[in-house]
Amino acid sequence: MDNFFIVPMNPVSFQNDLDLSKNEKILGGSGTDMFRDIFQSMISDAAAADTEYEKQKYLLATGQIEDAHSVTIAGSYAQLTVDMLVSLRNKAMESYNELMRMNI
């Protein structure tokens with residue numbers, strides 16, 4: 001049973017070395033790299049899902065696919081990855097706005 005129709009989403013992996021020194025936390029050392037890596041990972045996942053959906057639609061249109069439900073599954077997966085990316089962006093923007101409103 002190596003051939004599944006539903007490809008599971010890849011979990012977001014965080015770095016295991018979160019013991020940053022105080023200076024790295026203040027200056028944004030590897031924390032910004034981790035934040036950037038998460039966004040890049042989500043963007044690449046969304047692009048890959050969209051590419052797979054376009055491929056499935058092409059195969060359906062040309063009659064090369066036997067199971068039409070895989071097109072719907074690929075479309076749902078692509079929509080979920082985009083929704084997750086938008087949700088992540090919205091949370092990042094909310095956090096940024098909250099930091100900007102703080103009185104120092």
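Per-structure values
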item: Candidates GLY75, GLY63, filtered to the one that is over 21 Å from TYR96 (Cα atoms), modelled with pLDDT of 95 or more and open to solvent by less than 70 Å² (accessible area, probe 1.4 Å); result: GLY75
item: Candidate set: the stretch 58-79, residues that are touching a residue at least 40 places away in the same chain (Cβ under 8 Å) and in a helix (DSSP H, G or I); chosen: the one nearest to the chain's Cα centre (by Cα); result: TYR77
item: Yes/no for ALA49 being hydrophobic (A, V, I, L, M, F, W, C), free of Cβ contacts under 8 Å to residues at least 40 places away in the same chain, out of contact with any Gly (no Cβ under 6 Å at 6 or more places or on another chain) and under 19 Å from ASN10 (Cβ atoms); result: yes
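The values are calculated or read from the model by the stated rules, or taken from the named source; none is laboratory data. All values reported here derive from a predicted model rather than from experimental measurement. Neighbour counts run over all protein chains shown; Cβ positions are idealised from the backbone, glycine included. We work out accessible area using only protein heavy atoms, side chains counted, and drop any ligands, DNA or RNA first. Shrake-Rupley method; radii C 1.70, N 1.55, O 1.52, S 1.80 Å.
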